[in-house]
Amino acid sequence: MTGSSPDRLANFPRVARIDVGLMLRELAEATGIALTDEGPCPGGQVGAAYVRWPDGHRSVLTCQPAGNLARVRQEAELLVIGRAHGVPAPRYELTAELPSAIAIIQELLPGKRPVAVDRPIVESMVEMNSRCRGLLAHRAGPVMPS
């Protein structure tokens, strides 16, 4: 955001921190799928959690405010387009409208956070950006609903 200032950001409402226990209980009630909490993912401001499926594979739980399910489904479609063009984007394994929020269970991709930003990291970021060039040119209208 250009022209942002601390004063302007102070008026922007904070996003609530994820309540993993509540989300998993509501998800189990809504879908019948009981995921296990394996702890918080590192970094971030509002949280994400590692979860384990009954079949044993791990994923990442994130959420968005309730009422945005159409937007979340469109995000999932955009990720599919990116993945088809070599962008390492996670697949949404499950999305569900819950009373408290929209739960998003996404694929856990391999990798780790870089220790330092160096030339190879920046070059990799530029390469990822170039893979995105023109990906949505075929789409008519706005990319995301407002």
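The values are calculated or read from the model by the stated rules, or taken from the named source; none is laboratory data. If you're wondering where the values come from, they're calculated on a predicted model, not measured in any experiment. Here the Cβ is made from the backbone with ideal geometry for all residues, glycine too, and neighbour counts use every protein chain on show. Heavy atoms of the whole protein, side chains included, go into the accessibility calculation; ligands, DNA and RNA do not. Shrake-Rupley method; radii C 1.70, N 1.55, O 1.52, S 1.80 Å.
Descriptive notes on the structure:
- Selection status of E97, surrounded by 13 or more Cβ atoms within 10 Å (Cβ to Cβ), at pLDDT 90 or above and under 13 Å from the mean Cα position of the chain (by Cα): no
- Total residues in region 36-72, condition surrounded by fewer than 17 Cβ atoms within 10 Å (Cβ to Cβ) and either of a type in the set (V, I, T) or in contact (Cβ under 8 Å) with a residue 60 or more places away in the chain (or both): 6
- Some residue of region 106-129 being under 30 Å from T31 (Cβ atoms), among the hydrophobic types (A, V, I, L, M, F, W, C) and either at pLDDT 85 or above or open to solvent by less than 60 Å² (accessible area, probe 1.4 Å) (or both): yes
- Long-range neighbours under 6 Å by Cβ, at least six apart or interchain, first residue under 19 Å from Q106 (Cβ atoms) within region 15-35, second in a helix (DSSP H, G or I) and not β-branched (V, I, T): A34/A28; L35/L24
- L79 vs. criteria among the aliphatic types (A, V, I, L, M), in a helix (DSSP H, G or I) and either in contact (Cβ under 8 Å) with a residue 40 or more places away in the chain or surrounded by 14 or more Cβ atoms within 10 Å (Cβ to Cβ) (or both): yes
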